[in-house]
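This report refers to the structure that appears directly beneath it.
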Amino acid sequence: MGDAVLLDRPDPEAGEAAWDGYLHLRDNPAGVTRDLWHHEAGCGAWLVVTRNTVTHAVEGAELAEAAAREGQA
Amino acid sequence: MRIDGKGLIDRGTRLGFTFDGHRYEGHPGDTLASALLANDVRLVGRSFKYHRPRGILTAGSEEPNALVTLHDGAHREPNARATVTELFDGLAARSQNRFPSLDWDLLAVNDLLSPFLGAGFYYKTFMWPRAFWEKLYEPAIRRAAGLGALSGQPDPDRHETAFAHCDLLVIGAGPAGLMAALTAGRAGADVILADEDLRPGGRLLSETLEIDGGPGVDWADTAVEELEALPNVRFMPRTAVTGAYDHGTYGALERLPRGPKRPVDCFWRIHARAAVLAAGALERPVGFADNDRPGVMMAGAVRGYLNRYGAAAGKAFVVFGNNDDAHRTALDLADAGLHVAAVIDSRHEARLSGPFDVHAGAQVIGTRGGRALEAVVIRHPNGRVESIAADCLAMSGGWNPSVHLTCHMGARPVWQEDIAAFVPPPGAVPGLIPAGAAAGVFSTHGCLASGAKAAREALEVLGITAAHAPLPEAEDAPYAIRPLWLVEGKGRAWLDFQNDVTAKDVKQAAQENFRSVEHMKRYTTQGMATDQGKNSNVAALAILADATGRTIPETGTTTFRPPYVPVPIAAMGAGGRGRGFAPERLTTSHAASLERGAPMIEAGLWFRPSWFPRGGETHWRQSCDREVRHVREAVGVTDVSTLGKIDIQGPDAATLLDFVYTNTFSTLKPGRVRYGLMLREDGFVMDDGTTARLGEQHYVMTTTTAAAGQVMRHLDFVTQVLKPGLDVSFTSVTEHWAQFAVAGPKARELLSGLLDTDLSDEAWPFMSCGEVRLSGIAARLFRISFSGETGFEIAVPARYGDSLFRLLVARAESLGGGAYGMEALNVLRIEKGFLTHAELHGRTTAFDLGMEGLMSRKKDFVGRTMAARPGLVDPERERLVGLKPIGPVKSLTSGAFLFEPEAEATRENAEGYTTSVAFSPTLGHFLALGFLKNGPERLGEKVRLVDHLRGYETLCEVIHPVAFDRDGGRARG
């Protein structure tokens, strides 16, 4: 469902550049990337999945909720 | 001809079958191909392009020629390979691509025209005039060139898909695969052994090789017995692994023996922690003039038909090869008492002794005969040309390891000089280890050792230790080969038998500068037929390498892609056609609606009634107009259960709603309902709906039918990611509650006596809600209205939905009203300017909809920051208006563009568009909702509506979007 950048919602007053980056600008790495996945047909959990765009290897997955709490801590 | 004493078939049982209407007999264990050969049927098909007569070439999956149509009528299955078609009693097969018959094919004239039909012919010839391509050239070419045809009827056969999981997937049950499965099975690993053939053993079935001093076949049978006794091993015969995908996922096609009430095939998705590829090798032909004549076959296939099926492919044989393996064919044939006229080995150093002439250093330069081989023409090393009478030529250009699966994730195979073949690239598919002939190991001993080793390596990675068991005794002959791709000379030397590609075509491609192997492939169509060039690609690229002065590794291979064998779309999509294509969501009023003759319309996965026809009504508009009048003048009932309902509870429920809605819900009093607008983070509208506060910490949110899933996903995201600390829970209750709208001046009258409550405006004012009891059942009542009339929505547990709907409709009818469907519901809401996803289409803002007043300034909410961008609040934006026709043309269409009355109707002059239209029986004219630049400031102006698509235009007046009862008094009072 998109890049895990969406975890870091800017402050409402953070300014245009911050919001533009949050909503529209995405890296397109050849290598490791962090995705947001949603277990829609199951428990409804959002996950941060770390995977490699070159090898398709999935290197890790954690609950987005845990990642978000870490980010805020 | 059958040879007594040979073969693994059950000669005691006879199976009758037909080919092109002629009756033949075969035996259990036969394939269609072996049974045809045993009946001396040599001509089985016509080639794709030139309609040349073709016979059986191989004994396996790679067969390019013997493609037939199986079964009759709707069961028809085109392009089945006779070499892997298991014979059964009553099988009916027909040859393909011939007219009027296989023996006399009119389009064989193409073969005489072949000098004009070479590579690139279609590209060069049918360029002009352009319009002729679609109407004339393509249909004619398609008719002439082709394979079998589908029946054109719905497929009556059953197909299945299934999933499987294992520690180790072993692909192929030859000596390497069986040894790998034994090693892993004995170590206790969860093993799946998949083999394409109907009987395990691989090449052991086709050879006279011995293992542990006995026939190789006996060893294979014992191995399978042991494996089947192990509870941790699953053996899947008739299952071709078709593709290797990410994360250890493999596709596999299982073809089941035909039987009543049984699916014909099953497409498996196998997830394996590790895999061993023991897929064996495929023998490749040699290019020489007229090497496609029926009777010219692969050497390994000729001895396979003899040893496995007891079927002699001819009476007089010539063997032609460039490697020692071909010698086995001559020896086996001679042992069986068959006449081997000569063995031609292109290697000067070749040594072989047997009851036949051996011509070392000689080459086959052509064949003679008509629709069947009569003689083989050879050239001795001294240049002397000799013709040898034979009706079967067994040829071998060497063996190509079946590397396909190792290259499915983009890797290219590696050239190995000593075996003159490509072998799997190391580590190309994570967890997949090639073994045996697939890895370029050709001796029986080598295969057994390699299979055991591959299994141990694979298991080690999984943390399972497998014991070293002693290997069975088997031959370990070296594989000696000297490459021979093409015997130069006059005449056409065929490479790709299925697509009719010759060595000359490949050279011509090189000459015309299609030097890349990928370009050559596309220019000549080499390897692009259903067999994917399994036995011809390597020779073609070797000839290309030669023609371009490069080495074979420099030239490289084309890309290998799944599937390894053709997979019927019906198998891949099993369960997903007709009513199985998508789940269907039915409301509790579905049966009652159908009983009333309502046509149902899909709304997402839901089915909703469009209208409820009554006697005398012949057009949907009559029903719809009546239903609208029912609601405006009496009372109507409609099912609104499909709207998304999300139950939200917890101390922070109000905080959550304040954050996801633009307006405030924390200030809403319990027992009240409020309309809410939800934005995406980019500032555009996501959805709207009403949310009711049932208690201090208890809300029920409604979403539109279409966006229910999206809103649920959004709430998950907000509570887990953006506001992870909120103490709130929510769950979808859409299906738990059956909810019906009762709307119209007589709504209160309809409900009187049903509920344990007083429905007066004082007790139940507009936008109130609460729990009530209906005939003793706990129900919820909402005083809301999507029609603009006095309205109640009553929700009961879904199990009461059917009976409540029937009761409400009966009461409505007794009051001069009735049920209303989606069409009337739509008209009612357009009259009132209420929105649906026709308007909330993802490009509109609250400002565009005239709802900027709902954007709270006192709090943060999703979309707030971005919705304030100047471009999203520009008055020049296209904003919501109503429209009514004023010209002579009185109808309106949705999706039409709006222009200034005098402006030219071009895209750059467009000032807006219409989104919803309806005929309003209440107002007596058509109405539209749409978006117009600066719309709210243009009420009363004229605009021109032009529908380019439907060729329609009319003049309209811009009106307020709420066309009926603008102050809303009817809903409140």
- Message: How charged is the neighbourhood of B:Thr525? Take every other residue with its Cβ under 13 Å from the Cβ of B:Thr525, and add Lys/Arg as +1 and Asp/Glu as -1.
- Response: -2
- Item | Contour minus Cα-Cα distance for B:His948 and B:Ala477 (0.36 nm per residue) | 161.8 nm
- Task: Return the average number of partner chain Cβ atoms within 10 angstrom of each residue Cβ along peptide B:712-720.
- Result: 5
- Sequence order, the range B:668-673: Karplus ³J(HN,Hα) from phi using 6.51 cos²θ - 1.76 cosθ + 1.60, θ = phi - 60°, Hz rounded, Gly and Pro as x, gives 5, 7, x, x, 10, 10
- Message: Quick check: from the Cα gyration tensor, does the range B:15-112 come out rounded (a/c under 1.5), prolate or oblate?
- Response: prolate
- Shape of the range B:819-973, Cα gyration tensor, a/c cut at 1.5: oblate
- Answer in debye to the nearest 20: the dipole magnitude of the range B:156-258 about its Cα centre, from +1 Lys/Arg and -1 Asp/Glu charges placed on Cβ, is 280
- Query: Out of residues 5 or more away from A:Val32 or on other chains, whose amide H comes under 5 Å of its own, with H placed 1.01 Å from N in the peptide plane?
  - Reply: A:Thr53
- When the dipole is taken about the Cα centre of the protein assembly as shown, and only Lys, Arg (+1) and Asp, Glu (-1) are charged at their Cβ, what size is it in debye, to the nearest 20? 2220
- Charge dipole (the protein assembly as shown, unit charges on Cβ, about Cα centre) - positive-most of B:Pro613, B:Val565, B:Val461: B:Pro613
- On full extension of the chain, what length is gained from B:Ala74 through B:Ile569, given 0.36 nm per residue of separation minus the C-alpha to C-alpha distance? 176.6 nm
- Cross-link table B:Lys49/B:Lys507; B:Lys723/B:Lys832; B:Lys49/B:Lys315; B:Lys315/B:Lys521; B:Lys890/B:Lys933, entries beyond 27 Å C-alpha to C-alpha: B:Lys723/B:Lys832; B:Lys49/B:Lys315; B:Lys315/B:Lys521
- Note on the structure: Distance in nm between B:Glu417 and B:Thr13 label points, each 7 Å along Cα→Cβ, equals 5.3
- Nearest-ten-degree value, helix B:537-548 long axis tilted from longest Cα axis of chain B: 80
- What full-extension length gain, to one decimal in nm, is calculated for B:Glu771 and B:Gln511 as 0.36 nm per residue of separation minus the Cα-Cα distance? 85.1 nm
- Loop trypsin sites (Lys or Arg not before Pro), the range B:918-973 (other Cβ atoms within 10 Å of the site Cβ: 14 or fewer; DSSP): B:Arg950, B:Arg966
- Task: Could you tell me the distance between the Cα centroids of the range B:880-943 and the range B:531-592, to the nearest Å?
- Result: 50
- Task: Sticking with the crude label model, points 7 Å out along Cα→Cβ, report the distance from B:Glu735 to B:Ala469 in nm, one decimal please.
- Result: 4.9
- Inter-chain Cβ neighbour average for residues A:42-52, partner chain, 10 Å: 2
- Message: For the range B:359-423 and the range A:20-63, what is the centre-to-centre distance using only Cα atoms, to the nearest Å?
- Response: 51
- Message: Treating only the Cβ of Lys, Arg, Asp and Glu as charged (+1, +1, -1, -1), what charge dipole size does chain B show about its Cα centre? Round to the nearest 20 debye.
- Response: 1880
- Using 7 Å Cα-to-Cβ label points, what is the B:Lys490/B:Val873 separation (nm, one decimal)? 9.0
- Message: Tell me the mean residue ellipticity at 222 nm calculated for the protein assembly as shown from its helices only (DSSP H runs of n ≥ 4, each -39500 (n - 2.57), averaged over every residue, nearest 500).
- Response: -6000 deg cm²/dmol
- Message: To test your reading of the geometry: what angle, between 0 and 90 degrees and rounded to tens, separates the Cα axis of helix B:801-814 from the longest principal axis of chain B?
- Response: 40
- Message: Report the Cα centroid-to-centroid distance between the range B:622-659 and the range B:743-822 in angstrom, as an integer.
- Response: 12
- Query: What FRET efficiency do you get for A:Ala45 and B:Met1 if R0 is 51 Å and r is their Cβ-Cβ distance, rounded to the nearest 0.05?
  - Reply: 0.15
- Between B:Leu112 and B:Tyr245, take the C-beta separation as r, use R0 = 60 Å, and let me know the FRET efficiency to the nearest 0.05. 0.85
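Values in this text are rule-based calculations from the coordinates and carry no lab data. All figures in this text were calculated on a predicted structure; none of them were measured in a lab. Neighbour counts run over all protein chains shown; Cβ positions are idealised from the backbone, glycine included.
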